[in-house]
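Okay, so here's the structure we're looking at.
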Amino acid sequence: MTLAPGSPVPDVFSPAKIGEVTLRNRIVKAATFEGRCPEGRVTDELIEFHAEYARGGVGMTTVAYLATSPEGRTDRHQYHWGMDDGGMLRKLTDTVHAEGAAVSAQVGHAGAVANSASNKMPAMGPSRIPAPTGMSLTRACTEADIDRIVEDHVRAARGAAEAGFDAIEVHFGHNYLVSEFLSPKLNKRKDSYGGSLENRARFARRIGRAIRDAMGDRIAVTIKLNMDDGVPGGFWIDEAVQVARWIEEDGSADALVMTVGSSLLNPIYLFKGDAPLHEFAATQPTVIKLGMKVVGPRMFKEYPYTDAYMLDDARQIREAVSMPMMLLGGIVDRPSIDKAMSAGFEFVAMGRGLLREPDLPNKLRADDRRRSLCVHCNRCMATIYSGSRCVLRDHVPPVPARG
């Protein structure tokens, strides 16, 4: 809900709670795939990546992307719950906590965004739909697959709690698997998981309720939910409002993180700004690189960047539910933060701005006129397979094609 007239605007640097977890401030490092888990191994480089944000002043940092299932990885160089991490996830959480910040694990199943060629396992979807990175079609989930993936999410939540994470972010966005089920464009099922919004949302609600039933308040739960897939015929804001209401009714989340876009069909719609097609194509195997010359200009569209660019859409969700919410997208300075706080959002999430300046929260605390140095060139997207970073901050060597 928006703030009542005359109510004081919360200070972003004041403590706030998500579930039973108290954050030292209301700035969250958004999940941005790190590319620091070769063959799925959690590394000291990954730990330092998040420790730097903790030292830089965030209230919580989000580790991305920790897949619930082996076939749900975007490629094999990614951790999935069930792998032996050798105690490194506990080392990660202990290190972040020692710097005074909380830490969240983003969990989910990539669906058609998974790379079946890299994973050596078929990608999965609600229906048979293209899985571009593996140059294949998905295998449509059976009801047994759905049951197993629900339990995989519960296993991920338990694993995160045991490793010392304060929270999990459950991924229902970007046309990953749950988002594919929500999308009328991608979900062509004729059973109880397809057709009406109630049916398309059944998978998401089962996951949310199963995690809450298993975990109670042992770990804070946030849900990242698409508002708009950014493609004709996709999931849209009116449906997102209803799904958010159902999530609140189910009691399955302590906070909502609203997002947009489709990693399958329209990735720049999430980010806004430049579309680094040539830089991204250079990181791909030859066959995908050739395909991107044909489909890339249609897939990598450019959208003008504005500060707090998700605010107007997210306000519609904010007015429909009373649970805490986090605003993502174009949070770059105190005016954009204060605009979010004035609109009733309890938290803000930063991605590219923190890649550019990991200590941006400390800089904003010291100087409220400070603005992020990020120029929204989106060239960081092309570094995800060699270790995500801002190319304007660090020298980035040429990136070899993925194997």
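The values are calculated or read from the model by the stated rules, or taken from the named source; none is laboratory data. In this text the structure is predicted, and so the values were computed from the model without any measurement. All Cβ positions, even for glycine, are placed from backbone atoms using ideal geometry, and neighbour counts span all protein chains on display. SASA here: full protein model, heavy atoms, side chains in, ligands and nucleic acids out. Shrake-Rupley method; radii C 1.70, N 1.55, O 1.52, S 1.80 Å.
Residue pairs whose Cβ atoms lie under 6 Å apart, sitting 6 or more positions apart in sequence or on different chains, and linking a residue in segment 193-215 that is farther than 14 Å from Phe172 by Cβ to a partner that is surrounded by fewer than 16 Cβ atoms within 10 Å (Cβ to Cβ), are Asn199/Ser192.
All told, Arg200 falls short of being open to solvent by 10 Å² or more (accessible area, probe 1.4 Å) and touching a Ser or Thr at 6+ places or on another chain (Cβ under 7 Å). In the set (1) aliphatic (A, V, I, L, M); (2) assigned to a helix (DSSP H, G or I); (3) within 25 Å of Val243 (Cβ to Cβ), Ile337 fails one condition alone, (3).
Every listed requirement among (1) more than 21 Å from Trp236 (Cβ to Cβ); (2) open to solvent by less than 10 Å² (accessible area, probe 1.4 Å) is met by Gly194 save one, (1).
For segment 158-181, taking the residues that are in contact with a Pro (Cβ under 9 Å, 6 or more places away or on another chain) and in contact (Cβ under 8 Å) with a residue 60 or more places away in the chain, the one that is surrounded by the fewest Cβ atoms within 10 Å (Cβ to Cβ) is identified as His174.
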